Amino acid sequence: MERHALSLTGLTRRFGENTAVDAVTLTIDPGQFVGVIGRSGAGKSTLLRLINRLIDPSAGEIVFGDRTVNDLRGKALRDWRRHCAMIFQQFNLVDRLDVLTNVLVGRLAHHGFATSMAMQFSDEERTMAIEALDRLDMAPKALQRAGTLSGGQQQRVAIARALVQNPRIMLADEPIASLDPGNATKVMDALRRINREDGLTVLTNLHTLDTARSYCDRVIAMRDGRVMFDGPASGLTDRVVRDIYGSAGLEEFSESVTSTSIQPQAETISA
Amino acid sequence: MTLTAELTAYPPVSGPSAVAAFERDFATKRRRARVNWAVGSALFLAAFLATAWLGDFFKVTQVTLQDGSREWRWIIPAGLPRLGEYVVQTFPTLRWESLGADLAEWFWRWQVWLRLLIETILIAFMATTLGVIGGFVLSFPASRNLAPNKWVLWICRHYLEIARTVPELVWALIFVFCFSVGPMAGVLAVGLHATGALGKLYSEANENIDMAPLEGVKAAGGTWFDQIRYGAVPQVLPNIISYTLLRFEINVRASSIIGYVGAGGLGQEIRTAMSFQEYTDLSALFVIIFVTVVVIDYGSEKLRHRVIGLGREG
């Protein structure tokens with residue numbers, strides 16, 4: 001697989017009066033595990049959608065290797081989306097289809113109209129799908145309806161769908177925000193394993209600092225559409241964090257209140 | 001400790017002033033709701049009375065009484081007895097001692113009627129099939145949330161609108177003119193109207209779907225068709241089956257009347273009976289259509305409930 005850097009230059013997206021992403025300039029090297037943090041409405045989600053081109057940018061450039069991505073159309077655009085897989089907070093699976101078919105959706109970019117409409121996939125593709133599911137310990141559920149699975153299982157199916165796309169980048173939009181701590185750990189571990197084993201670049205939005213600290217090589221913090229911090233997780237000092245979340249009014253910023261990890265929280269509440 | 005810190009940093013707004021503010025807002029809101037209700041009722045009543053007046057519901061007419069004298073009467077009590085007169089004429093003579101012969105007399109054309117009944121059901125079946133295909137294909141570009149652009153949306157919505165606004169009987173007249181008398185004109189007429197009606201129902205089901213799965217397909221590089229096929233169709237399938245069965249019932253009724261203008265089915269017998277003043281034939285045909293519709297209603301309701309998951313336990 002070719003390994004390219006993803007670079008954003010002056011990337012901007014306006015919704016009416018409101019600027020969701022404001023002149024973001026970044027370079028993401030191949031194989032990095034990058035976390036994007038910031039409070040709700042900071043533009044994290046819009047940034048990811050811009051990269052996958054689910055949303056069109058108002059200004060700026062997205063370049064992957066030597067390919068300009070921000071003005072792709074039609075087949076070339078679908079091909080880019082295939083290269084840059086995305087997983088979502090709400091998993092975005094088709095509840096009424098079985099897990100296997102949901103994973104095979106990741107192969108649609110390789111299909112013509114007729115085979116796609118007839119839901120006809122080759123044996124090789126089915127093998128790929130099962131192998132991807134197996135990497136995430138989901139192979140036994142392949143024939144179940146996706147809607148019957150728990151949130152954590154659905155997210156792992158979504159990751160399998162992303163894997164069969166043979167992507168170069170994996171975007172994850174709040175992948176663990178609606179999961180309990182146990183499932184959240186499983187999903188984050190799966191992302192990290194894919195990052196390490198396949199050398200796949202992972203760019204993920206996170207809403208908890210401790211997850212960012214324990215998984216990410218690099219953390220990008222956004223506030224009001226701008227990048228406020230970009231560096232290793234160790235650089236996230238209290239002062240920086242207060243700046244990002246705009247919690248200057250708080251005497252003491254508590255990470256444990258926003259955390260999803262299991263241990264410390266029970267004590268604080270009973271105290 | 002940390003939770004306490006957060007509570008003192010942002011004390012909740014409460015106390016007597018908050019309650020007073022709520023009381024004030026609530027009173028305002030309730031007053032507005034009452035005014036809206038009064039205005040709405042007045043408008044409705046005015047519209048209702050105006051319609052009744054336009055529809056001659058307040059007309060007074062002259063009727064001839066039994067003794068030959070004439071009298072002014074309000075139109076509704078004046079006209080109602082005539083409905084009875086007509087219905088009574090259609091009653092067959094059935095006597096207990098010769099019931100078999102009387103029934104045979106009542107349904108004397110049963111061989112013709114049975115053939116036409118089968119034709120009626122087949123017209124409904126084929127028309128439903130055409131309507132489902134047309135309505136299904138057009139319902140996606142005719143849904144606001146799925147249409148690829150506003151021109152396609154506009155064209156599809158208006159095509160469906162025209163198809164369902166023109167009644168089956170009028171389409172039948174047009175198609176009889178084009179393709180001559182016979183069931184084909186009926187199939188096309190009922191099918192076209194069903195396309196419009198089903199397309200509308202399907203597109204409304206489409207507009208209520210969860211868009212997240214479609215986004216998932218799109219993000220994986222799927223085309224618009226892939227998004228519809230994988231994201232939308234599985235979500236609306238139970239609704240589509242349910243509406244289709246309901247439409248089949250409606251189409252059986254429609255097919256039994258379009259023969260009136262020569263488009264096949266039992267309707268042609270209704271016309272013959274009326275023009276030859278064979279009133280008992282009318283009641284016989286009514287019984288046939290009624291029984292057929294009841295049977296099909298019952299069957300399709302059972303099927304529909306199974307599809308949408310009702311009464312599986314019962």
* Under 14 Å from the Cα of B:K302 - aspartates and glutamates, other chains or at least 8 residues apart -> B:E249, B:E313
* Value at 222 nm in deg cm²/dmol, rounded to 500, when DSSP H runs of n ≥ 4 in the protein assembly as shown each add -39,500 (n - 2.57) -> -18000 deg cm²/dmol
* Asked: Placing +1 at every Lys and Arg Cβ and -1 at every Asp and Glu Cβ, with all other atoms neutral, what dipole size does the protein assembly as shown have around its Cα centre, in debye to the nearest 20?
  -> 800 debye
* Most mobile of B:F286, B:F26, B:F177 in a GNM of chain B (Cα contacts under 10 Å) -> B:F26
* Structure fact -> With x for Gly and Pro, the residue-by-residue ³J(HN,Hα) of region A:124-129, computed from phi through the Karplus equation 6.51 cos²θ - 1.76 cosθ + 1.60 at θ = phi - 60° and given in whole Hz, is 4, 5, 5, 4, 3, 5
* Structure fact -> Listed by chain and number, the residues whose amide H is under 5 Å from that of A:M86, excluding neighbours fewer than 5 places away on the same chain and using placed H, are A:L171
* For the peptides A:47-58, B:271-282, A:135-146, what is the packing order when you average, over each peptide's residues, the other Cβ atoms within 10 Å and list the highest mean first? -> A:47-58, A:135-146, B:271-282
* **Over 28 Å [Cα-Cα, chain B], rounded percent** => 65 percent
* Rg (Å, one decimal) plus Dmax (Å, integer) for the alpha carbons of region B:92-163? -> 23.4, 72
* Mind scanning A:K141/B:K218; A:K44/B:K150; A:K75/A:K141 and naming the pairs with a C-alpha gap bigger than 26 Å? => A:K44/B:K150; A:K75/A:K141
* Find which of A:M228, A:L171, A:N195 sits farthest along the positive direction of the dipole of region A:6-269, computed with +1 on the beta-carbon of Lys and Arg, -1 on that of Asp and Glu, about the Cα centre. => A:L171
* Selected from B:I76, B:I289, B:I241 as most flexible by GNM, with chain B as the system and alpha-carbon contacts under 10 Å -> B:I76
* **Built amide H within the under 5 Å cut-off of A:A59, gap 5+** => A:T12
* Consider just the alpha-carbon atoms of region A:1-103 and return their Rg together with their Dmax, both in angstrom. => 14.8, 43
* Most positive-pole-ward Cα, B:A232, B:I162, B:N149, against dipole of region B:116-313 from beta carbon charges -> B:N149
* Asked: What angle do you read, to the nearest 10 degrees and between 0 and 90, between the alpha-carbon axis of helix A:181-198 and the longest principal axis of chain A?
  -> 70 degrees
* For region B:265-277, Karplus couplings with θ = phi - 60° (6.51, -1.76, 1.60), whole Hz, Gly/Pro x -> x, 4, x, 5, 5, 4, 5, 4, 4, 5, 6, 8, 6
* Asked: Under the Karplus relation 6.51 cos²θ - 1.76 cosθ + 1.60, θ = phi - 60°, what is the ordered set of whole-Hz ³J(HN,Hα) values for region B:28-43, x standing for Gly and Pro?
  -> 4, 5, 5, 4, 4, 4, 5, 4, 4, 5, 5, 5, x, 5, 4, 4
* Structure fact -> region B:116-313: relative contact order from alpha carbon pairs under 8 Å, six or more residues apart, as a whole percent, is 26 percent
* Asked: Where in region B:5-113 are there GluC sites (Glu not before Pro) that are in a DSSP coil and have at most 11 other Cβ atoms within 10 angstrom of their Cβ?
  -> B:E97
* **Candidates A:M228, A:M188, A:M119: whichever shows maximal mean-square fluctuation once chain A is modelled as a Gaussian network with Cα springs under 10 Å** => A:M119
* Structure fact -> Quick P(r) readout (region B:160-314; Cα-Cα; 10 Å bins; whole %) gives 11, 27, 29, 20, 10, 3, 1
* **Relative contact order (%) - region A:1-78, alpha-carbon pairs under 8 angstrom, separation at least six** => 35 percent
* Return the long-range amide H neighbours of B:G264 (sequence gap of 5 or more, or a different chain), with a cut-off of under 5 Å between placed amide H atoms. => B:G182
* **Solution diffusion estimate, µm²/s, Stokes-Einstein, the protein assembly as shown, Kirkwood Rh from C-alpha pairs, 4 °C, viscosity 1.567 mPa s** => 43 µm²/s
* In vacuum, with every alpha carbon of region A:6-269 counted as one equal point scatterer, what does the Debye formula give for log10 I(q)/I(0) at q = 0.07, 0.10, 0.17 Å⁻¹? Two decimals, please. => -0.25, -0.52, -1.37
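Each value in this text was obtained by applying a stated rule to the coordinates, not by laboratory testing. What you are looking at is a predicted structure, and each value in this text was computed from that prediction instead of being measured. Heads up, the Cβs are rebuilt from the backbone with ideal geometry, glycines too, and the neighbour counts pull from every protein chain shown.
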